[in-house]
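Notes follow once the structure below has been shown.
Every number in this text was worked out from the coordinates using simple rules, so none of it is lab data. Since the model is a prediction, treat every value here as computed from it, not as a measurement. Neighbour counts run over all protein chains shown; Cβ positions are idealised from the backbone, glycine included.
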Amino acid sequence: MLLDWAAILMFTLGALYGFWHRENSILVVLGVMFVLLTMVALDKALHTIYVLTDDGKLTIRRGRFKKSKTILLADIKEVKTLPLAFRLGSYVLIELKDGKVESIQPETSEAFIAAIRKRL
């Protein structure tokens, strides 16, 4: 979650820089591109939800612009918390039995992991 907000701040500063120098058309185009990136990052940060269903599935919805992903709880091999770069926060790594991994950032990692382990 922290990285999402850092990206939003950087994209916003890039957009402001591009629009500040209006006489250079390349920077204006760059500013428009940063506005679009800011919108996508805001959507992801504000509308990401994780749903544990009663039929043994974890549904991950990462905003309105991306497709939702469904993981069967029976396919989960391991769930653990790992630190972000420079120990700025943490994320939850879900390792599946087929070798694939999924990283998510719930607000309360411990409660999320406890809820998954309870249903396994």
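Computed quantities for the displayed model
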read-out: Sequence-separation-based contact order of the chain, relative, with Cα cut under 8 Å and 6+ spacing, percent; value: 16 percent
read-out: Debye, to nearest 20: dipole size of the chain, +1 on Lys, Arg Cβ, -1 on Asp, Glu Cβ; value: 220 debye
read-out: Cα-Cα pairs of the chain separated by more than 16 Å (percent); value: 67 percent
read-out: Eligible lysines near Lys80 by straight Cα distance, threshold 17 Å, same-chain separation 8 or greater; value: Lys97, Lys100, Lys118
read-out: Cα centroid of the range 53-115 to Cα centroid of the range 1-44, whole Å; value: 28 Å
read-out: Charge dipole magnitude, Cβ of K and R +1, D and E -1 - the range 55-113, Cα centre, debye nearest 20; value: 360 debye
read-out: Percentage, to the nearest whole number, of Cα pairs in the range 59-120 over 18 Å apart; value: 38 percent
read-out: Among Phe86, Phe19, Phe34: highest mean-square fluctuation, GNM of the chain, C-alpha pairs under 10 Å; value: Phe86
read-out: Listed residues Gly14, Gly99, Gly31, most fluctuating in the chain (Gaussian network, C-alpha, under 10 Å); value: Gly99
